[in-house]
Amino acid sequence: GLPSALAWIPEASQLLVAYAGNAVTTDVNSIYVYDITETATTATIGAGTKIYDASEYPGTKNYLLYAISAMTYDASTKSLYISSATTTATTVVQYVIEKFRYDSSGKTLTRAGSTPFYNYGLDTKCISSLYVD
C-alpha cells in the first residue's frame with residue numbers, strides 16, 4: 001500500500017502511518033508506528049512496527065480498516081480516530097470513523113466499543129483530514 005494518513009503521538013515521539021491500497025493482502029491496508037529520535041540538527045526514523053493489518057480480518061481482528069484516508073490523535077485521552085471503509089466496497093454506507101485507544105508503550109490499538117464511533121453518512125466518504133479540538 002501507499003502512505004495515506006499520518007498521526008503524531010507527542011508524548012512518545014512516535015509517528016503512526018496508515019498505508020492503503022486495493023486489496024486485503026498483507027501490508028496493503030495497514031498501520032505502522034515509527035519511533036522518531038530528534039536532536040538539534042537531525043531526526044532519525046526507527047524501524048516500523050506493524051500495529052494493524054487488514055489481512056488479519058476476520059480471523060484475528062473483528063473489524064476491518066480499509067482505505068484509511070485520515071487519522072488524528074487526542075493526547076488527552078490517548079484516543080486515535082481513523083476514517084476508514086468497513087468493507088472493500090466503496091459506497092457511501094461503508095465509510096465510518098473508528099475510535100481506538102493507542103498504547104504507545106506496547107504499540108497496540110484497542111477498538112473502543114464493538115461498533116464504529118461515528119457511523120456512515122454523506123459526510124464520511126473519503127475524509128481527507130480529521131482534527132480533535
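Just so you know, all these numbers are worked out from the coordinates, no wet-lab data involved. No experiment lies behind these values; they were computed from the predicted model shown. Don't worry about glycine lacking a Cβ; one is built from the backbone with ideal geometry, like all the others, and counts go over all protein chains shown.
Fully extended, how many nm does the chain gain between Asp123 and Lys61 (0.36 nm per residue separation, minus their Cα-Cα distance)?
Stretched out fully, the Asp123 to Lys61 stretch lengthens by 19.7 nm.
Lys and Arg at +1, Asp and Glu at -1: add these up for the other residues within a Cβ distance under 13 Å of Ser114 and post the number.
Every neighbour counted, the sum reads +2.
Just to check I understand the Karplus step: with θ = phi - 60° and J = 6.51 cos²θ - 1.76 cosθ + 1.60, what whole-Hz values come out for the range 31-47, glycine and proline as x?
For the range 31-47, the Karplus-derived couplings read 10, 10, 10, 10, 7, 10, 10, 10, 10, 5, 10, 9, 9, 10, 9, x, 5 Hz, x marking Gly and Pro.
Size of the chain along its principal axes in angstrom, Cα-based, largest extent first?
The principal-axis extents, from largest down, are 47, 33, 24 Å.
Taking R0 as 25 Å, what's the FRET efficiency between Thr91 and Thr49 from their Cβ-Cβ distance, rounded to 0.05?
0.15
Can you work out the Karplus-derived ³J(HN,Hα) for every residue in the range 61-70? Use 6.51 cos²θ - 1.76 cosθ + 1.60 with θ = phi - 60°, whole Hz, and x for glycine or proline.
After applying 6.51 cos²θ - 1.76 cosθ + 1.60, I find 9, 9, 9, 10, 10, 10, 6, 4, 10, 7 Hz.
Can you give me the relative contact order of the chain as a percent, contacts being Cα pairs under 8 Å and 6 or more apart?
19
Based only on other Cβ atoms within 10 Å, what is the fewest-to-most ordering of Val17, Val93, Val33?
Placing the least packed residue first, the sequence is Val93, Val17, Val33.
Which of Leu130, Leu6 comes first, and how do the rest follow, when ranked by fewest Cβ neighbours within 10 Å?
Starting with the residue having the fewest Cβ neighbours, the order is Leu6, Leu130.
List, in order, the whole-Hz ³J(HN,Hα) value for each residue of the range 97-114 obtained from phi through the Karplus relation with A = 6.51, B = -1.76, C = 1.60 and θ = phi - 60°; use x for Gly and Pro.
10, 9, 10, 10, 8, 10, 9, 6, 6, x, 6, 10, 10, 10, 5, 8, x, 9
Starting with the highest mean, order 37-48, 110-121 by the number of other Cβ atoms within 10 Å, averaged over the residues of each peptide.
By packing density, highest mean first, the sequence is 110-121, 37-48.
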